[in-house]
Amino acid sequence: MDQRQHQARSGAFHDAREWMDAEQEGREDLAELAFTRLMSALPPVEPSEAFVAAVAHRAMHAHARTRRAQRLARMAAVMLVAGVSVAAIVALGSAAAAALSGAASLLSDGVVWLVRTAGGGIKWWSLAARVGGAVGASILTPTTVTAIVTIELLGISAIYALQRVLRHEGLDSQQVHI
Amino acid sequence: MALTDVELVEQALAGAQSAYTELARRYAGPAVNLAARMVRDRALAEDLAQDAFVRAFARLASFDRQHKFSSWFFRVLHNVAVDHLRRKRVKTSSLDEMESAGTPLTPVARELGPDMRAEQAALGLALEDALARLRPEYREVVVLRYQQDLPVQEIAEIMDIPPGTVKTYLFRARKELSAILGPQGWGESSASGVETPSETNP
């Protein structure tokens, strides 16, 4: 046994002996020191030669998949928003036309009614109630209500889709964080 | 001059593939070593380490530059390994449970002879065997503390446990390892050349 081998053997076995002797004697500081030396000399498990290349390959493919999914999600969100906008224009256009015709009808009927009742003593609260009721009836037609509800649902869907896209791009920061 | 981890992260986020590769190269060894100690399967350890790298790279934008990249990455690896162990429902036993179940803690055979390198390797194998018998959380703290040389506070952050629990794990792990290796004769006067008979592990 040459000097180097003797030292190597002595180091490992010396540390093991010193560690276990210290454990038995309750000398925690010495046990910790000897165990530290022993463990630091333990050879680590090494990765295979192809490991790094495999990691880079998988990461690149995962990245490409994520970008494709994000592109599709963005396209879907844009189409949804465009659809909502068109639907809104059509629905509001219809509702606006209905509101305009309703307002015109209301105005003409109101003028006639006012003239007719002007001479018979008007009760203002009665007048206000009749005006309010007439305005409500002209606006809240079934078509208008359906249009408003549809627009709200489409808007909610668009916002949800956009949130999913943004969350994906934000890389779910709440899951891995120190 | 080598780039720091944070600089590599910045380059990776800017799209530099080489930065990803360099980060993987730097932490491949520690990642595979830690995973192998936790799951006790080298091939599986490489798969889990790859999963951890892919997950970390996918979430690189969430890395807080105020912290060390190594801690953040080991946290990801810890989660991947723990998820695997939970899915597989790996049963871990303490030494007391093994003894009460009648599992003998037979010593590992030692090669005796003039080849000191082989004898030292045998000590290493015995230590690895003993380490493999510990609970995964004990193995993890031992590897992070004594092989990665991480402070207790950092280990606590990685494993998401209090620093006091880390110290307890380290203490218990050391005691259990000495309880396994002691009867095998590794702590006796081997260095003086007095050979201690030991049973051969079947």
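A few points about this structure:
- Order of B:131, A:33, A:38 under a 10 Å beta carbon neighbour criterion, fewest first: A:33, B:131, A:38
- Shape call, segment A:35-85: gyration tensor on alpha carbons, a/c limit 1.5: oblate
- From least to most packed, judged by other beta carbons within 10 angstrom and beginning with the fewest, B:78, A:63, A:57 follow the order A:57, A:63, B:78.
- Taken one residue at a time, the phi angles of segment B:3-20 give Karplus couplings (6.51, -1.76, 1.60, θ = phi - 60°) of 6, 6, 4, 5, 5, 5, 4, 4, 5, 5, 5, 7, x, 7, 4, 5, 5, 4 Hz. Gly and Pro are set to x.
- Cα gyration tensor shape for segment B:4-89, rounded if a/c is under 1.5, else prolate or oblate: prolate
- Other protein chain C-beta atoms within 10 Å of residue C-beta, averaged over A:58-64: 5.
Each value in this text was obtained by applying a stated rule to the coordinates, not by laboratory testing. Note that the structure is a prediction, hence the values are computed from the model and not measured. Cβ sites come from the backbone with ideal geometry, for glycine too, and all protein chains shown count toward neighbours.
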